[in-house]
Amino acid sequence: MQQRYRAWGFAAAAMLGASGAEAASFPCEKAETPDEKAICGHLSLNDLDVEMAVRFEILRGLLPMGGNAKLRDDQEAWLEERRTCAADVACLTRAYEARLKTLRGVFSEFAKQGPL
């Protein structure tokens with residue numbers, strides 16, 4: 001239970017500390033690919049990236065080892081999919097919305113379980 005509270009505290013700190021100049025999952029000054037540059041250049045995409053990164057990190061702390069490996073593998077597959085969008089903002093938005101729907105669903109399952 002204490003681990004869960006620490007994870008939520010981290011999420012709040014990350015969301016409060018995020019700025020338009022840096023996306024949560026990578027430093028914008030090192031953005032190289034068209035998708036990364038688009039994320040750094042559009043506040044709405046940056047906001048989606050912040051939420052995705054925070055949810056991903058919290059889930060990494062909550063899931064058991066096997067679930068954690070699947071989460072990581074799914075995230076890598078999603079990043080490959082995101083890269084195919086290049087700088088297409090509409091495509092990137094759809095990709096983030098789909099990934100966030102999945103991550104939110106995992107959170108919902110944890111919420112149904114109640115306190116550990």
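No lab work stands behind these numbers, since they all come straight from the coordinates. These numbers were taken from a predicted model, which means no experiment stands behind them. Here the Cβ is made from the backbone with ideal geometry for all residues, glycine too, and neighbour counts use every protein chain on show.
For the reader, a short list of remarks on this structure follows.
- Relative contact order (percent, whole number), region 36-116, Cα cutoff 8 Å, 6+ residue spacing: 39
- Given R0 = 25 Å, the distance between the Cβ atoms of ASP88 and GLU109 translates into a calculated FRET efficiency of 0.20.
- Shape of region 39-92, Cα gyration tensor, a/c cut at 1.5: oblate
- Phi to ³J(HN,Hα) by Karplus 6.51 cos²θ - 1.76 cosθ + 1.60 over region 97-102, Hz, x for Gly, Pro: 4, 5, 5, 5, 4, 5
- Proximal aspartates and glutamates relative to LYS37, as straight alpha-carbon distance under 17 Å, when same-chain residues fewer than 8 apart are discounted: GLU22, GLU29, ASP47, ASP49, GLU80, GLU81, ASP88
- Amide proton proximity set for ALA86, modelled H, under 5 Å, gap of 5+: ASP35
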